[in-house]
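The values are calculated or read from the model by the stated rules, or taken from the named source; none is laboratory data. Not measured: the values here are computed from a predicted model. Please note: Cβ atoms are built from the backbone with ideal geometry, for glycine as well, and neighbour counts cover all protein chains shown. The accessibility values were calculated without ligands, DNA or RNA, using every heavy atom of the protein model including side chains. Shrake-Rupley method; radii C 1.70, N 1.55, O 1.52, S 1.80 Å.
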Amino acid sequence: MTIATFAIEYYQYLKPDGTLCQPLPKDLDNNALLKLYRLMHLLRIFDGRAINLQRVGKLGTYAGILGQEAIGVAMGHAMHASDVLVPYYRDYGAQCQRGVAFNKILQYWGGDERGSDFNNAEDFPICVPIASQSVIATGVATAINYRKQKRAVVTTIGEGGTSEGDFYEAMNVAGAWNLPVVFVVNNNQWAISVSRDQQTHSQTIAQKAIAAGFSGEQVDGNDVIAVHERMRIALEKARNGGGPTLIEAITYRLCDHTTADDASRYRPKAELDKAWLEEPLVRLRTYLTAQKVWDDSKEEALLLECRKEIDKEVDTYLNIEIAPVTDIIDYMYAQWPESLKDQRDTLLQFGDSHHD
Ligand SMILES: Cc1ncc(C[n+]2csc(CCOP(=O)(O)OP(=O)(O)O)c2C)c(N)n1
C-alpha cells in the first residue's frame, strides 16, 4: 500500500540556445529582460574585477559567481523592497538591487566589517557559516508573522549546505509554523571539492521540502526568466499566508569555489566545458538579438558603461579610510577581558603597520 507519493516539477522558459520553450510570463517584457541582462553583465564585470583585486593583494578572499549571475539577479528583481534578504556569499546580484553598493561588497571581502553596514537596514549581511542563515531566516519570518506583516523572507544556500542540520531544522520549523520564507538553493554542482553526487543520494534537493510539509521545485538556474517567475510566485504565496517554498536553482559554478581554491585539481575539464554551453548570459543575448532589441553596438556600449560603473566602485573601495587596527577588539565586549587588553596594547604598540 502506497501512502504517499510526490513529484518535483522542473521549470524553464529560455533554453540554452536562446529560444523560448513556453511563452514569456506576463510581467517580463523585453524592457524588463534588458534590465536583467544589463545587471548580469554588471555582475560579471564586478566578479572579474574582484578576483583581479584579490590576485594583486587588494582583497582578502572572494567568492565568485561566474555562471551563477541569473539566480541573484532574478531573486533581487522579484523581491519587494519590504521583503527581507538573508543571503549567503554568492548573492551580490540580489544585494546590488537592494541598496548594497559594490564597494561595500569589496569592503566586506577586504576584511573590513564596515562592508556589512549598508543602507538597507533590514537585510542581513553576507553569511559564511553554512546554513546558519537558514535558521536566522525562519526567525525573521516568525517576527513577520507575529507582527501580521505582508512580507516575505528570502534565504539562499548552496546544495552542499542543504546537508547541514541547521538547514533541516529551518525547513522543519518553516513548514510547521507556515512561515513566509523562500529557500533558494544555488545548486552549482560542487561544494568546494565535493560533487553533488557525493554530497547526497537524495534524487533532488527540492524534495527535501516535501519532508518538511511544503512544496519544493527545480528551476533552470541559468534561465533568468524562469528563476524570476518562480520567485515571483513563491514570494506572492509567502506574503499571502501560503507558507514556505523551496526553489532549487540548477546552475554550475564556472569559477573556483573562492580565490582560495583551485577547482582544476578536482573538477573534470570536460564537465566545465559542457557547462559553459549553458551559461546564463549568452542565451539571453541570443533571445534579445532575435527580438531585434539587441545588437553588437549595444553590447559594446553596455560593456563600456558597466566597466566604468565598476571602476568607480573599485576606486571608492580602494580609497576608503582604513579602520584603526584596534577595531578588531574594541567592539567585542563591553569590558575587555585581561587577555584582550594585552593583545590590544600589543596592537597599539605596533601601531598601524598593517597599513603597509
Ligand atoms: C558550518 C560551516 N562548515 C564549513 C564551512 C566551510 N565551507 C565554506 S563554503 C563550503 C562549501 C559550501 O558548498 P555549497 O553549500 O554547495 O555552496 P557553494 O559554495 O558551492 O555555493 C564549506 C564546507 C563553513 N563556512 N561553515
Query raised in the report: Residues in region 217-233 near a label at Lys15, defined as backbone nitrogen under 17 Å from the 7 Å Cα→Cβ point?
Result: 220-226
**Report entry** Contour minus Cα-Cα distance for Asp315 and Ala290 (0.36 nm per residue)
**Finding:** 5.3 nm
Report summary line: Sparse-neighbourhood loop hits (trypsin sites (Lys or Arg not before Pro), region 252-335; DSSP loop; Cβ within 10 Å at most 16 others) -> Lys292
Query - Dipole of the chain, positive end: most advanced residue of Leu85, Leu106, Thr204 [Cβ charges, Cα centre] - result: Thr204
Report task. Work out from phi, with θ = phi - 60° and the Karplus expression 6.51 cos²θ - 1.76 cosθ + 1.60, the ³J(HN,Hα) of each residue of region 19-26, listed in order in whole Hz, and give x for Gly and Pro. Result -> 9, 7, 9, 7, x, 4, x, 4
**Report entry** the chain - share of DSSP beta bridges that are antiparallel (%, nearest 5)
**Finding:** 10
Requested in this report: Using packing as a proxy for protection, rank 156-162, 94-100 so that the peptide with the highest average count of other Cβ atoms within 10 Å comes first.
Outcome: 156-162, 94-100
Query raised in the report: Karplus couplings for region 295-310 from phi (6.51 cos²θ - 1.76 cosθ + 1.60, θ = phi - 60°), rounded to Hz, Gly and Pro as x?
Result: 7, 4, 6, 5, 4, 4, 4, 4, 4, 4, 4, 5, 4, 4, 4, 6
Query raised in the report: Which pairs break 20 Å Cα to Cα here: Lys15/Lys237; Lys208/Lys274; Lys26/Lys148; Lys58/Lys104?
Result: Lys15/Lys237; Lys208/Lys274; Lys26/Lys148
Requested in this report: Enumerate the calculated ³J(HN,Hα) couplings along region 333-338 in order (Karplus 6.51 cos²θ - 1.76 cosθ + 1.60, θ = phi - 60°), each rounded to whole Hz, writing x wherever the residue is Gly or Pro.
Outcome: 9, 5, 10, 6, x, 3
Requested in this report: Give the relative contact order (percent, whole number) for region 208-286; include only Cα pairs under 8 Å separated by 6+ residues.
Outcome: 31
Query raised in the report: Where nothing but the Cβ of Lys and Arg (+1) and of Asp and Glu (-1) is charged, how large is the charge dipole of the chain around its Cα centre, in debye to the nearest 20?
Result: 980
Query raised in the report: For the chain, what is the mean residue ellipticity at 222 nm derived from helices alone (per DSSP H run of n ≥ 4: -39500 (n - 2.57); sum divided by total residues; nearest 500 deg cm²/dmol)?
Result: -13500 deg cm²/dmol
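Of the peptides 72-79, 128-135, how do they stack up when ordered by the mean number of other Cβ atoms within 10 Å, highest first?
Output ranking for 72-79, 128-135: 72-79, 128-135.
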Query - Protection proxy ranking of 222-230, 198-206 - average other beta-carbon atoms within 10 Å, highest first - result: 222-230, 198-206
Requested in this report: Express the C-alpha Rg of the chain as a ratio against the empirical globular expectation 2.2 N^0.38 Å, rounded to two decimals.
Outcome: 1.03
Query raised in the report: Which far-off residues, 5 or more places away or on another chain, put their amide H under 5 Å from the one on Thr326, with H placed in the peptide plane?
Result: none
Report task. Just read off the accessible area of Met332 with the full protein assembly in place, 1.4 Å probe, to the nearest 10 Å². Result -> 110
Requested in this report: Along Cα→Cβ, 7 Å out, is where each label goes; now give me the distance between the ones at Thr326 and Lys150 in nm to one decimal.
Outcome: 5.1
Report summary line: The summed charge of the Leu14 Cβ neighbourhood (under 15 Å; Lys/Arg +1, Asp/Glu -1) stands at -4
**Report entry** Three-way shape label, region 200-295, alpha-carbon gyration tensor, a/c 1.5
**Finding:** oblate
Query raised in the report: Between exposed chymotrypsin sites (Phe, Trp or Tyr not before Pro) in the chain, where DSSP calls loop and at most 11 other Cβ atoms lie within 10 Å, what's the longest gap?
Result: 7-330
